[in-house]
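One structure is given here, and the rest of the page talks about it.
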Amino acid sequence: MDIEETVALRDAMDRTAEGLPPLPDLAPLAVRQGRRRRARARLAVATTAFGAVTAGALGLTLLPGGEPAPAMPGAVPAAPGTSSPAPGTSYPPVVVEATPGVTPPDNPDGLSAAERERHAQHQQRVAALLDELLPPEVTEIRPVKDEVAVYRIAAGGETFRMTVSVRPSDEPLAPCPENLPKDKGVCETVTFDGDREARLIAMPVNELDTIGSAVSFRYGRSMVRITVDPAAVSAPVTPHRLLDIAGDPRFLALVEDADARPVETEAAPPVVGG
């Protein structure tokens, strides 16, 4: 190709590119994802030596790849109105031993294979969204096997129980507890998602200095609760941060799906006098 042909080709390429929009700046997204991945990598290295001790103390059993748990899809299907996580994203479940050394029965609710798969996919979708919405200090999210509303999250070397529950219920929002310790507990009612009312609570659990966080609100025929229990230290997420999760349109789409097709059974009515 001679010089005149080269110049003509370059001019044609310039004219073609004139009408195209500028390329988006991918740096902020890449930096955020890179920081979260590095944080999780650091946690994995730091906890290798004592991971088994921590899991034993918390009654956790990690499921190996060959365990006959509900199959996890390679790319988690999205709920209506939501976007799927990246292909291949999965969050291996854990088993929680209520009594250390005693493995709980497999499939305690006697669900069909299809229903167990549906529950597992629901947990995977919730875990993927929590992975994005929880603060960077939370470096791991794991669904709890056969407990569709329960997750284990890790932050600062501690493991915490997190509940994301959408349970069929006619009960109203509970009033603020009357026995909140002074300077240790907070309870407030806020409005979000238009005119939806939510109850935010931060209060001591087990010890006066270990604070748990909770948000609850009604949606359709269900009571929705998002809670993080403390461990040896207070929960790494505040009620207001949980409210941010509750108000995310993608989370509300998951709630809408679980309200229409429940993954939890209706709570038993309280026993009068007991």
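The values are calculated or read from the model by the stated rules, or taken from the named source; none is laboratory data. In this text, all values refer to a predicted model and were calculated from it rather than measured experimentally. Cβ atoms come from the backbone with ideal geometry, glycine included; neighbour counts cover every protein chain shown.
Brief remarks on what is shown
- Applying a threshold of 9 Å to beta carbon distances and a minimum spacing of six or more residues, or different chains, the list of pairs starting in the stretch 126-139 at a residue that is farther than 19 Å from residue 252 by Cα and ending at one that is acidic (Asp, Glu) reads 138/131.
- In this entry, residue 120 passes the filter for residues that are at pLDDT 95 or above and within 16 Å of residue 142 (Cβ to Cβ).
- Residues (touching a Pro at 6+ places or on another chain (Cβ under 7 Å) and charged (D, E, K, R)) located in the stretch 124-141: 137
- Of note, residue 231 does not satisfy the criterion of being in a helix (DSSP H, G or I), under 18 Å from the mean Cα position of the chain (by Cα), of a type outside the set (Lys, Arg) and buried (at least 20 other Cβ atoms within 10 Å of the Cβ).
- Flag if residue 181 is in a loop (DSSP other than H, G, I, E, B), without any contact (Cβ under 8 Å) to a residue 12 or more places away in the chain, out of contact with any Lys or Arg (no Cβ under 8 Å at 6 or more places or on another chain) and more than 25 Å from residue 142 (Cβ to Cβ): no
- Entry remark, the stretch 244-267: residues being among the β-branched types (Val, Ile, Thr), under 15 Å from residue 123 (Cα atoms) and touching a Phe, Trp or Tyr at 6+ places or on another chain (Cβ under 6 Å) number 1 in total.
- Among residues that are outside any strand (DSSP E or B), among the basic types (Lys, Arg) and touching a Ser or Thr at 6+ places or on another chain (Cβ under 9 Å), residue 125 is included.
- The stretch 166-202 - residue that is under 21 Å from the mean Cα position of the chain (by Cα) and more than 12 Å from residue 246 (Cβ to Cβ) and, of those, surrounded by the fewest Cβ atoms within 10 Å (Cβ to Cβ): 168
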